Structure formats: structure tokens, C-alpha cells
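For reference, the structure discussed in these notes is given below.
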Amino acid sequence: MAAINKDKEAAISQEYLKERLHYDRETGVFTWLDVKVNAKRARNKRAGCTDRAGYVQIGLSVDGKSYSLFAHRLAWLYEYGEFPSENLDHLNHNKADNSIINLRIATQRENLRNQSMHSNNTTGYTGVTFSKANNKYYAHIKVNYKQKSLGYFENVEDAAKAAKEARAHYGFHENHGQTND
């Protein structure tokens, strides 16, 4: 999850942002207006680059100071006139998709309840692992940082159903555990 830097954000206003960048709310893409970037005209060129975690960051300069800010937080400022007070969740798990419809304000807990399927998942179902000792599928869910057992099942589909029902019961987002394809 991207960390929020309030000091950087305090330096950027919606007016300043709109003078330098155009935001397409449908695609989530920022493009430069008629400004110089690295001594070249960058008009209509895509702004920002993707960091190691998959988030788009955009560099802006204010009063001689350079700031690198997350595009999803800039999208919120561009659309609503202020930075979000909490985290922003990418609903479809694609950290580079900054379309406004893909973003929602979320607490850390809410954000954790809308994660992609872990890359080391071997069953293809979130909250389901195979127990070699029992030769059964084990369903589980983590709620408030504590793992809850949902039981052992003969087949993976029954274990997956139990995990899905538990996620719904505990208020997880419907996209939780989906892959980011």
C-alpha cells in the first residue's frame, strides 16, 4: 500500500494541478499541458512513471521544490478539490488504473479486505490451502489480524464456497481475492 505524505500534498492545490496536467477521468491517465519537462515540451504526453509496487507517480515542482506524488491521489484532488483524508483503494486491484470510478476512500482495514489473490496461492482460491497431513482442503479467513478456521473439506469447491461466504459475512469487498489480470 502506498504511504501518504501530507507535507508533499500540502504544497499542491487543485488549481496548480489543473494548470499543469489534464486528467482523463475515464482512463485515469494524466497528460502534460504546455509545460517544460527536462527542457522539452511535453504537451499532451503521458505524465508519470510506474514504481516498483505498480503505482503511477508524477513529479511536480512547486517554488523550486520537486515532489513525487501518487497519481491516484492526484486524481482525487483533480476531481474533488482536496486530497482524500485516508487511503485510496483501487477496486479492480490494478494500481496503475487511476480512473475515478476505480478509486474509493478506504481505511486500512477496508483496503486489506480488497486484496488480490496472493501470488503463492496454489489452489486457485483465496482462503483455501491443501493440507497434505489430512489430504483435505483447509478453508480459513483472517479477520482483525487473527486467522479463523472454517474447517477441512473433501474438495476444493466446498472449501472455496465456505471461504467466500465467510468473506461476505465479515464485510470483505466482492473483489477480494480476485486476480489482477
Please pick out the residue among Lys45, Lys132, Lys95 that is closer than 30 Å to Leu33 by Cα and without any contact (Cβ under 8 Å) to a residue 24 or more places away in the chain. Lys45
For segment 130-145, which residues satisfy the criterion of being under 23 Å from Arg109 (Cα atoms) and modelled with pLDDT of 90 or more? Ala139, His140, Ile141
I need the strands (runs of 3 or more DSSP E) fully contained in segment 81-181, keeping only those with at least 1 residues that are within 30 Å of Tyr16 (Cα to Cα). 87-90, 103-106
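Rundown of residues vs (1) buried (at least 20 other Cβ atoms within 10 Å of the Cβ); (2) acidic (Asp, Glu); (3) over 18 Å from the mean Cα position of the chain (by Cα); (4) under 18 Å from Glu26 (Cβ atoms), yes/no style:
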site	(1), (2), (3), (4)
Ala53	no, no, no, no
Lys65	no, no, yes, no
Ala71	yes, no, no, yes
Ala75	yes, no, no, yes
Leu91	no, no, no, yes
Looking across segment 41-51 at residues that are more than 11 Å from Leu21 (Cβ to Cβ) and in a strand (DSSP E or B), the single one that is farthest from the chain's Cα centre (by Cα) is Arg41
Of Tyr67, Tyr55, which residue is of a type in the set (Ser, Thr, Tyr), in the same structural domain as Ser13 (by TED's automatic domain parsing) and in contact with a His (Cβ under 8 Å, 6 or more places away or on another chain)? Tyr55
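The values are calculated or read from the model by the stated rules, or taken from the named source; none is laboratory data. The shown structure was predicted, so the numbers you read here are calculated from the model rather than taken from an experiment. Glycine also receives a Cβ, built like all others from the backbone with ideal geometry; neighbour counts cover every protein chain displayed.
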